[in-house]
Amino acid sequence: MKVFCGIDWAEDHHDVALVDADGALVAKRRIDDSAEGFAELLAMLADAGDTATDPIPVAIETPRGLLVAGLRQTGRRVYSINPMAVARYRERHSVSRKKSDHVDAMTLANILRTDAHAHRPLPADSELVQAVAVLSRATQDAIWRRSRATQELRAVLREYYPGFLAAFAKGSATNLASAEARAVLVLALAPTPAAAANITKARIVAALRRAGRQRGIEALAAQLLNDLRKPQLRQPPLAEEAFGHQSSHCWLPSPCPAAGNPSAGAADLATATGACRDADSDGGQASTAALITLIAIALWALGIVAQPYQWWKVAPVGLMAGLSSLMFLLPITRSVFLLDLGNGATTAIAFTCAAAAIALLEAGWWADGWLRSEKRRG
């Protein structure tokens with residue numbers, strides 16, 4: 001007896017129907033979306049005459065999922081039927097639009113019974129081909145998400161920030177997804193025209209370097225600064241700030257998370273944006289790198305001048321001074337440590353902390369010398 005199987009799938013359960021060559025119902029059951037449910041399905045098929053040499057074909061409305069993967073591994077033919085086609089087949093037996101899971105499972109089984117020749121089974125792909133299909137699908141989904149997010153960002157910018165569109169879009173919305181655009185906007189360097197009026201060229205240069213730009217940085221930064229500061233129509237201040245918050249949270253994902261950053265889609269956007277904003281704020285940009293550099297130079301000078309005869313004190317600070325010099329000289333280290341001493345607030349904080357560290361170090365050396373002299377006198 002020839003038997004055909006139809007499965008109407010859902011997230012937590014699946015309805016299964018088996019029909020014979022005459023369309024009579026052989027068996028029906030609802031199984032769970034679990035390993036136990038899959039074992040129950042295989043037992044149901046075996047009771048209906050399923051064998052390794054003549055497996056029962058299965059029709060289902062999706063080509064994905066663990067249930068489909070398990071069925072394909074059994075070596076049987078699995079047909080992925082488009083839901084719209086299933087709806088048309090359903091209307092052959094009833095004009096009512098009432099939907100039933102069992103009726104859908106029966107419809108799928110009857111599709112195989114009558115029109116299996118008009119549908120193609122899923123190919124018996126190797127594991128490598130299936131892996132390539134997963135990554136290709138992820139790439140396509142990422143491209144669609146990126147295009148949708150870019151269009152949403154462009155729509156927001158048109159309402160309050162035409163200068164940014166003039167600087168980056170250049171008549172095309174796709175340029176908003178460039179690395180330079182993400183560096184300036186998503187890192188919240190200039191989310192509003194008011195912020196653009198106060199931004200410095202040095203900060204734009206640093207942002208472009210972090211975005212991966214290597215050539216023509218100075219010229220591009222000057223051009224962007226000029227475009228962002230051009231006169232334009234403005235929203236009221238509070239509305240403009242609200243638009244800035246909205247645009248800062250417009251996520252522009254990378255084109256291919258499977259090949260580039262698979263965890264990007266799972267990141268907390270609000271936390272990431274807030275962290276970037278804190279990193280580029282006036283009081284905190286490059287403070288760590290500037291502080292380390294200034295303290296190293298101060299300790300080196302103090303070690304040479306105050307205690308020149310104690311090599312064990314001079315050598316470490318000399319090494320630190322050499323490393324700090326590399327931070328100033330090498331572009332890659334300036335980019336890694338976000339070194340931007342042109343920021344007045346950052347430099348002032350660094351000098352204050354360095355002076356305090358020098359004072360504490362000098363006090364410790366003075367106390368050590370005083371204790372040694374007291375011991376010699378005693």
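Read-outs throughout are calculated quantities, based only on the coordinates presented, and are distinct from any laboratory measurement. As the structure is a prediction and not an experimental result, all values here were calculated from the model. Neighbour counts are summed over all protein chains in view; Cβ atoms, including those assigned to glycine, are modelled from backbone coordinates with ideal geometry.
Here the label points at residue 69 and residue 25, each 7 Å from Cα along the C-beta direction, are separated by 3.3 nm in the simple model.
When a footprinting reagent is the concern and you count Cβ atoms within 10 Å, what order do 104, 20, 47 take, fewest first?
On the way: 104 22, 20 16, 47 11.
Ranked by crowding around the Cβ, least crowded first: 47, 20, 104.
What is the extension gain from residue 218 to residue 238, computed as 0.36 nm multiplied by their sequence separation minus the C-alpha to C-alpha distance, in nm to one decimal? Write out the running numbers ahead of the final one.
Working: separation 20, 0.36 × 20 = 7.20 nm, distance 3.27 nm.
Roughly 3.9 nm would be gained on extension.
Placing a pseudo-label 7 Å from each Cα along the Cα-to-Cβ vector at residue 2 and residue 249 gives an inter-label distance of 5.9 nm. Our estimate of slack between residue 366 and residue 87, defined as 0.36 nm per intervening residue step minus the Cα-Cα distance, is 91.5 nm. Listed by Cβ neighbour count within 10 Å, with the fewest neighbours leading, 225, 45, 18, 122 appear as 122, 225, 45, 18. Put a dot 7 Å past the Cα of residue 51, heading toward its Cβ, do the same for residue 34, and the two dots end up 3.4 nm apart. Potential lengthening of the chain between residue 158 and residue 128 amounts to 6.3 nm, from the contour at 0.36 nm per residue minus the alpha-carbon distance. Here is the list for region 87-165: trypsin sites (Lys or Arg not before Pro) lying in DSSP coil, each with at most 12 other C-beta atoms within 10 angstrom of its C-beta, are 92, 97, 98, 99.
I need the shape label for region 3-123. Rule: rounded when a/c is under 1.5, else prolate if a/b > b/c, else oblate, with a, b, c from the alpha carbon gyration tensor. Rounded, since a/c falls under 1.5. The calculated FRET efficiency for the pair residue 119 and residue 141, based on their C-beta separation and a Förster distance of 30 Å, comes to about 0.75.
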